């Protein structure tokens, strides 16, 4: 049964991915991709569409994000998109909640159907962390989320707690709170990109980088990475 479910999830993921790409690219005029006014038009149309009924669009985003994460989709594109669509604050809220729910569903499915397979593939690689997480699963998994998962691909991050049988409530809330700093920064970048397109008449890479709505979140991200390296050295290095 687990094999059939795995095939179903894989096919479902591909269908959703291609449907999403088809929806995006069929609405894009390829011959105008080097025309900045084209992006300004898209930005205005998108802002008007979202603003007409933000609640319904938040629900659409929530459903899509949950399914996307459940099917092992990447997290970063969703964060930029939520920032573009809803701004830094609402976007952060929407992405934190939806991605946390999607990750919990993925963890639940993986723990129920693929526990033995996950342990076989990942246990040896992450064995040094299992004992650490067992000391205080909420605290250490919160730190793990906060520092971005030690460079582990997002889909695998969501499955690693299977190795130490983490409680679902601890999984959800440690993810929820651990996601907030990084998600806020990515949503701020998305919102800044949206703001730049809206306010500028032409694109200049230097002006783009030096725009406060762009360079400030990048500086925030650099600071978060520095903090993450310190935390990683303190808690997750082999000698610890």
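List the number of the failed condition for residue 191; all other conditions in (1) touching a helix residue (DSSP H, G or I) at 6+ places or on another chain (Cβ under 9 Å); (2) exposed (fewer than 15 other Cβ atoms within 10 Å of the Cβ); (3) in a helix (DSSP H, G or I) hold.
Condition (2) is where residue 191 drops out.
Would you confirm whether any residue within the stretch 42-52 is surrounded by fewer than 17 Cβ atoms within 10 Å (Cβ to Cβ), assigned to a helix (DSSP H, G or I), touching a helix residue (DSSP H, G or I) at 6+ places or on another chain (Cβ under 7 Å) and modelled with pLDDT under 75?
Looking for residues that are surrounded by fewer than 17 Cβ atoms within 10 Å (Cβ to Cβ), assigned to a helix (DSSP H, G or I), touching a helix residue (DSSP H, G or I) at 6+ places or on another chain (Cβ under 7 Å) and modelled with pLDDT under 75, one finds none in the stretch 42-52, hence no.
Have a look at 153, 181 and point out the one that is under 20 Å from the mean Cα position of the chain (by Cα) and at pLDDT 85 or above.
Only one candidate qualifies: 181.
Got a sec? Which of 166, 220 is under 30 Å from residue 129 (Cα atoms), outside any helix (DSSP H, G or I) and in contact with a helix residue (DSSP H, G or I) (Cβ under 7 Å, 6 or more places away or on another chain)?
The conditions single out 166.
Across the stretch 53-67, what is the number of residues that are part of a helix (DSSP H, G or I) and under 24 Å from residue 197 (Cβ atoms)?
8
Please enumerate the residues belonging to the stretch 73-86 that are surrounded by fewer than 18 Cβ atoms within 10 Å (Cβ to Cβ) and in contact with a helix residue (DSSP H, G or I) (Cβ under 8 Å, 6 or more places away or on another chain).
Scanning the stretch 73-86 gives 74, 76.
Could you please give the count of residues in the stretch 104-126 that are touching a residue at least 40 places away in the same chain (Cβ under 8 Å) and either surrounded by fewer than 17 Cβ atoms within 10 Å (Cβ to Cβ) or closer than 19 Å to residue 152 by Cβ (or both)?
14
When you scan the stretch 80-148 for helices (runs of 4 or more DSSP H) that lie fully inside it, which ones turn up with 1 or more residues that are closer than 16 Å to residue 180 by Cβ and out of contact with any strand residue (DSSP E or B) (no Cβ under 6 Å at 6 or more places or on another chain)?
Per the criteria, 137-146.
How do the pairs read when you match residues in the stretch 42-70 that are at positive phi and in contact (Cβ under 8 Å) with a residue 24 or more places away in the chain with residues anywhere that are surrounded by fewer than 13 Cβ atoms within 10 Å (Cβ to Cβ) and not in a helix (DSSP H, G or I), using Cβ under 6 Å and keeping only pairs 6 or more apart or on different chains?
Note: no pairs meet the criteria.
Test of understanding: among 109, 160, which residue is over 26 Å from residue 233 (Cα atoms) and either under 23 Å from the mean Cα position of the chain (by Cα) or modelled with pLDDT of 85 or more (or both)?
109
With the checklist (1) within 26 Å of residue 170 (Cβ to Cβ); (2) in contact with a helix residue (DSSP H, G or I) (Cβ under 7 Å, 6 or more places away or on another chain); (3) at pLDDT 80 or above in hand, flag the one item residue 63 doesn't pass.
Evaluating residue 63 over (1) within 26 Å of residue 170 (Cβ to Cβ); (2) in contact with a helix residue (DSSP H, G or I) (Cβ under 7 Å, 6 or more places away or on another chain); (3) at pLDDT 80 or above leaves (2) as the failure.
Does residue 173 satisfy being at pLDDT 90 or above, under 11 Å from residue 100 (Cα atoms) and crowded, with 19+ Cβ neighbours inside 10 Å?
No: the conditions fail for residue 173.
Just checking, how many residues over the stretch 53-72 are buried (at least 20 other Cβ atoms within 10 Å of the Cβ) and over 22 Å from residue 11 (Cα atoms)?
1
The values are calculated or read from the model by the stated rules, or taken from the named source; none is laboratory data. All figures in this text were calculated on a predicted structure; none of them were measured in a lab. Positions of Cβ are generated from backbone atoms using ideal geometry, with glycine treated the same way; all protein chains shown enter the neighbour counts.
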